[in-house]
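Have a look at the structure below before the remarks.
All of the numbers you see were taken from the coordinates with simple rules; none came from a lab. Predicted, not measured: the structure shown is a model, and the values here were computed from it. Glycine also receives a Cβ, built like all others from the backbone with ideal geometry; neighbour counts cover every protein chain displayed.
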Amino acid sequence: MTSLEKAQTAMKALDDKKASDIELLDVSKQTSLGDYFVVASCQSTVQVRACVDEVEEQLEEKGVVVLHKEGYSSGSWVLMDYGDVVVHVMQQEVREFYGIERLWDEAGTAVKADE
């Protein structure tokens, strides 16, 4: 499975659980941390965890396991590391505070899930 296919699968899973503002950032030219970052917002801790669980389940069905996951117990910002794809699922106010997209604005235009 390519890194783009992993990212698209994660985006679909997030959309299935009604996450909002799902964006795909191509960071391959800016960092060795991965090729893509997927960023999504949720309204509550419960929704963050449901989204993370769905991403993990859909990727596992395709034979892809998460290498590292942190933040699940707090539920305000969960980072899922798939090697070439990093998924950030966070509560809306946390996302607004940290402005992760601004940190990676050289990544080019972010792609929304519905595009």
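For the options GLU23, GLU54, GLU70, a Gaussian network treatment of the chain with springs between C-alpha atoms closer than 10 Å singles out GLU70 as fluctuating the most. Checking (1) 10.8; (2) 8.0; (3) 6.3 against the coordinates, the calculated mean projected area of the Cα convex hull in nm² falls under label (3).
Which distance in nm do the two modelled labels at TYR72 and ASP84 give, with both placed 7 Å along the Cα-to-Cβ direction? Going from the TYR72 label point to the ASP84 one covers 2.4 nm. The trypsin sites (Lys or Arg not before Pro) of the range 1-49 that DSSP puts in a loop, and whose beta carbon has at most 16 other beta carbons within 10 Å, are LYS18, LYS29. Net charge in the neighbourhood of GLY83 (other residues with Cβ under 12 Å of its Cβ; Lys, Arg +1, Asp, Glu -1) is -2.
For the pair LEU4 and THR31, the difference between a 0.36 nm per residue extended length and the Cα-Cα distance amounts to 8.1 nm.
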